[in-house]
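Okay, structure first, notes after.
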Amino acid sequence: MIRHPRANAAAIDPTILNEMRSIQPASLGHYLTSGIVSPQIRPLTGGKLLGRAVTLRQPLPDAIPVHLLLDDLRPGDVLVIDRAGDHHIACVGGMVARAALAAGAAGIVVDGVVTDIEELRDLGLPVYARGLNVVTTRVLDVPGAELFGPVLIGDVIVRPGDLLFGDANGLLSLDPANPDMAALVQRAAADEAREVEWRKRLAAGESLAKLNGSDKYRSAS
């Protein structure tokens, strides 16, 4: 098992995080060209997800690396597991989710499958994965896992400390060191504030094409 040192994550202004909690990931994703996780990694339980990635690459059906990583979780972390193409054997179930929740985790993301969906939903911890299965990892103690390294989640490289932001519509992976982060979040928040007024005007019969400026292209079509 390869275990990299856990580096300190780049700091994020708490005001940015607070503003992100009030907006939808889609409002931010509208302006992004990278970090948009494949919709094949879908939300299996409810709730918005916002937290820092703690990463594991585990290509084998050995449960030990996941169990060890649980002891490293801190409040606000997101357990992120790259199963390296194994979409058959579940590495997360009720006990793993309970341990993550007890550690203060913000959620779990698996590029692979999970199990115990009823229990996961009852716990209320946001869980993203490709799907479900009834076969699980077991204690094997074999080499091959990598802790605290970059992983591939839904065709997106996720590094330790990256910010995971998701809801029922999908998931984003964001670089906390991005100097444009504050401006992007503020722009998304402004869009949502504008849409509150648009909903009223649409209900009154106004044209969406007129509201968003698309009507200026009418004569060119």
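The values are calculated or read from the model by the stated rules, or taken from the named source; none is laboratory data. Given the structure is predicted, the values throughout are model-derived calculations rather than measurements. Reconstructed Cβ throughout: ideal geometry from the backbone, glycine too, with neighbour counts over all protein chains shown. To get the accessible areas, we keep the full protein, side chains included, count just its heavy atoms, and leave off ligands, DNA and RNA. Shrake-Rupley method; radii C 1.70, N 1.55, O 1.52, S 1.80 Å.
When P39, P43 are checked against the criterion of being surrounded by fewer than 18 Cβ atoms within 10 Å (Cβ to Cβ) and within 12 Å of G166 (Cα to Cα), a single residue qualifies: P39. The condition (being open to solvent by 80 Å² or more (accessible area, probe 1.4 Å) and either closer than 16 Å to Y31 by Cβ or without any contact (Cβ under 8 Å) to a residue 12 or more places away in the chain (or both)) is satisfied by just one residue among A204, A182, A190, A168: A204. Is there a residue being in contact (Cβ under 8 Å) with a residue 60 or more places away in the chain, in a loop (DSSP other than H, G, I, E, B), farther than 16 Å from A183 by Cα and touching a Ser or Thr at 6+ places or on another chain (Cβ under 6 Å) anywhere in region 48-57? Among the residues of region 48-57, not one is in contact (Cβ under 8 Å) with a residue 60 or more places away in the chain, in a loop (DSSP other than H, G, I, E, B), farther than 16 Å from A183 by Cα and touching a Ser or Thr at 6+ places or on another chain (Cβ under 6 Å), which makes the answer no.
So that you can scan it fast, the table gives a plain yes or no per residue for (1) open to solvent by less than 10 Å² (accessible area, probe 1.4 Å); (2) not aromatic (F, W, Y):
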| site | (1), (2) |
| --- | --- |
| A63 | yes, yes |
| D71 | no, yes |
| A90 | yes, yes |
| M95 | no, yes |
| R98 | no, yes |
| V109 | yes, yes |
| V114 | yes, yes |
| Y128 | yes, no |
| N133 | no, yes |
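For region 73-85, residues that are open to solvent by less than 30 Å² (accessible area, probe 1.4 Å) and farther than 14 Å from G104 by Cβ total 4.
Among residues of region 135-157 being closer than 26 Å to H30 by Cα and surrounded by fewer than 24 Cβ atoms within 10 Å (Cβ to Cβ), the one that is farthest from the chain's Cα centre (by Cα) is P150.
Residues in region 72-82: is at least one under 16 Å from L140 (Cα atoms) and part of a loop (DSSP other than H, G, I, E, B)? No, there is no match, as no residue in region 72-82 is under 16 Å from L140 (Cα atoms) and part of a loop (DSSP other than H, G, I, E, B).
Suppose the filter is surrounded by 15 or more Cβ atoms within 10 Å (Cβ to Cβ), closer than 23 Å to F148 by Cα and touching a strand residue (DSSP E or B) at 6+ places or on another chain (Cβ under 8 Å); does Q58 pass it? Against the criterion (surrounded by 15 or more Cβ atoms within 10 Å (Cβ to Cβ), closer than 23 Å to F148 by Cα and touching a strand residue (DSSP E or B) at 6+ places or on another chain (Cβ under 8 Å)), Q58 qualifies.
Kindly check whether there is at least one residue in region 25-47 that is free of Cβ contacts under 8 Å to residues at least 12 places away in the same chain and over 12 Å from the mean Cα position of the chain (by Cα). Yes, there is a match, as at least one residue in region 25-47 is free of Cβ contacts under 8 Å to residues at least 12 places away in the same chain and over 12 Å from the mean Cα position of the chain (by Cα). When residues in region 134-158 are screened for being within 12 Å of L79 (Cα to Cα) and outside any strand (DSSP E or B), 1 of them pass.
Selection of region 1-36 for residues being in a loop (DSSP other than H, G, I, E, B), open to solvent by 90 Å² or more (accessible area, probe 1.4 Å) and touching a Phe, Trp or Tyr at 6+ places or on another chain (Cβ under 9 Å) yields only P5.
For every residue, the table says whether it meets (1) in contact (Cβ under 8 Å) with a residue 12 or more places away in the chain; (2) more than 29 Å from M20 (Cα to Cα).
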| site | (1), (2) |
| --- | --- |
| V80 | yes, no |
| A103 | yes, no |
| I108 | yes, no |
| E118 | no, no |
| L140 | yes, yes |
| P143 | yes, yes |
